[in-house]
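The values are calculated or read from the model by the stated rules, or taken from the named source; none is laboratory data. Not measured: the values here are computed from a predicted model. So basically every Cβ, Gly included, is an ideal-geometry build from the backbone, and we count neighbours across all protein chains shown. The area values use the complete protein model at the heavy-atom level, side chains included, leaving out ligands, DNA and RNA. Shrake-Rupley method; radii C 1.70, N 1.55, O 1.52, S 1.80 Å.
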Amino acid sequence: MAPAAISSSVSSGLSDENSYADIDWDTLGFGLTSTDYMYKMKCFKDEEFTEGKLIPYGNIELSPAACVLNYGQGLFEGLKAMRREDGKVVLFRPDENALRMRIGAERICMPSPSVDQFIDAVKQTALANKHWIPPPGKGSLYIRPLLLGIGAILGVAPAPEYTFLIYASPVRNYFKEESAALNLYVEDQFDRASRGGAGGVKSITNYAPAMKPLAKAKNNGYSDVLYLDSSTGKYIEEVSACNIFMVKDKIISTPPTKGTILPGVTRKSMIEIAREQGFKVEERQIAVDELLEADEAFCTGTAVVVVPVGSITYQGKRVEYGTTNTSSMYKKLSSIYVGIQNGQIEDKKGWIVEIN
């Protein structure tokens, strides 16, 4: 790793820990903005990660024979650091991201940081880039942990060396239309995952194959793609960037996470919130035809947070859902979820981790 120099235009104005980086927060989107520092920790095959450190943000050096480049041995996570009105900086359930990375690492034969190592590294990265955390209500610092098989290898086998790396970027909403309802296209030609594959872990190999159907959908005016199961092509699974829920007769349903669907942290949190509020939540197979008859639908994810679905298009048929009803399930649950994150609702479950 060749450390990159920190820009003088950035470092010169950051003597006050509560100051902000000099960018226009009102025009912030979901894109990469280079920040000051990233975190790096290494270990060899059959060993454990021990101690990492913060280094200036910059490029990394890899062998052309690196396992991650040749065979895709890599995982990533995504979580956010948020600034509250009282000035506190918080994370939301980072232990869940750490556990999900460990499960993914076991699936693709990689050592992984412990939960404590993961959370400590995330905290260090957020604090080192605190000036890039947007003001309250203007976005968040998106934190991207990576676990990469960087060791050189020619045959198909686990890498001899691994790097745990974290970088961060200030972001706003994932979808350009901000809080507007999503218009989803049901993809019946391409599959996202198959039984026995790696669809249930956050492997880097899951995402490039989704680029073609996603680009096609966006070129036709849709927000994202909703995938069906690869076995029957009958049941919905997940959207490219998030999990999906439907509501019918006040019963909330979402597809089960049984190996082909990523177990989202936001998804899990919304299920727990809904059940605590007395709503019935079912984790079960949902036929696409059943979704078209739903009263409402919404999506959840770290990047998208909680967003309503405005329409579903399947085989030329478009079904629209009402999204302006103030008594909608989406509004009830998302207001609690966001309230816990921003401190307006008491966190009774220990989900919030303060990092000041």
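Summed over segment 177-195, residues that are hydroxyl-bearing (Ser, Thr, Tyr) and modelled with pLDDT under 95 total 2. Between Ile251, Ile166, Ile204, the distinction of being within 30 Å of Asp46 (Cβ to Cβ) and open to solvent by 10 Å² or more (accessible area, probe 1.4 Å) belongs to Ile204 only.
Residue-wise test of (1) open to solvent by less than 20 Å² (accessible area, probe 1.4 Å); (2) of a type in the set (A, V, I, L, M); (3) outside any loop (DSSP other than H, G, I, E, B); (4) more than 24 Å from Lys80 (Cα to Cα).
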{"site": "Gly278", "(1), (2), (3), (4)": "no, no, no, yes"}
{"site": "Cys299", "(1), (2), (3), (4)": "yes, no, yes, no"}
{"site": "Val307", "(1), (2), (3), (4)": "yes, yes, yes, no"}
{"site": "Val319", "(1), (2), (3), (4)": "no, yes, yes, yes"}
{"site": "Lys331", "(1), (2), (3), (4)": "no, no, yes, no"}
{"site": "Glu346", "(1), (2), (3), (4)": "no, no, no, no"}
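The set of residues from segment 249-263 being more than 12 Å from Ile236 (Cα to Cα), part of a loop (DSSP other than H, G, I, E, B) and either free of Cβ contacts under 8 Å to residues at least 12 places away in the same chain or hydrophobic (A, V, I, L, M, F, W, C) (or both) comprises just one member, Leu262.
Scanning segment 207-227 for residues that are open to solvent by less than 40 Å² (accessible area, probe 1.4 Å) and in contact with a strand residue (DSSP E or B) (Cβ under 6 Å, 6 or more places away or on another chain) returns Pro213, Leu214, Ala217, Ser223, Asp224, Val225, Leu226, Tyr227. Scanning segment 63-78 for residues being open to solvent by 60 Å² or more (accessible area, probe 1.4 Å) and either part of a loop (DSSP other than H, G, I, E, B) or of a type in the set (A, V, I, L, M) (or both) gives a total of 2.
Exactly one residue out of Ala303, Ala274 is open to solvent by less than 10 Å² (accessible area, probe 1.4 Å) and either among the charged types (D, E, K, R) or in contact with a strand residue (DSSP E or B) (Cβ under 9 Å, 6 or more places away or on another chain) (or both): that is Ala274.
Within segment 70-100, being under 21 Å from Phe49 (Cβ atoms) and either among the hydrophobic types (A, V, I, L, M, F, W, C) or at pLDDT below 95 (or both) holds for Leu75, Phe76, Leu79, Leu91, Ala98, Leu99. Of the numbered conditions (1) within 20 Å of Gly322 (Cα to Cα); (2) in a loop (DSSP other than H, G, I, E, B); (3) not aliphatic (A, V, I, L, M), Asp289 fails exactly one; give the number of that condition. With (1) within 20 Å of Gly322 (Cα to Cα); (2) in a loop (DSSP other than H, G, I, E, B); (3) not aliphatic (A, V, I, L, M) applied to Asp289, the lone miss is (2). Here Tyr174 meets each of (1) open to solvent by less than 60 Å² (accessible area, probe 1.4 Å); (2) within 30 Å of Val115 (Cα to Cα); (3) modelled with pLDDT under 95 with one exception, condition (1). With respect to Ser327, determine if the residue is outside any helix (DSSP H, G or I), of a type in the set (Ser, Thr, Tyr) and free of Cβ contacts under 8 Å to residues at least 40 places away in the same chain. Yes; evaluated as a whole, the condition is true for this residue. Of the residues making up segment 230-243, those that are open to solvent by less than 20 Å² (accessible area, probe 1.4 Å) and in contact with a Ser or Thr (Cβ under 7 Å, 6 or more places away or on another chain) number 2. When residues in segment 37-52 are screened for being under 24 Å from Ile352 (Cα atoms) and exposed (fewer than 15 other Cβ atoms within 10 Å of the Cβ), 0 of them pass.
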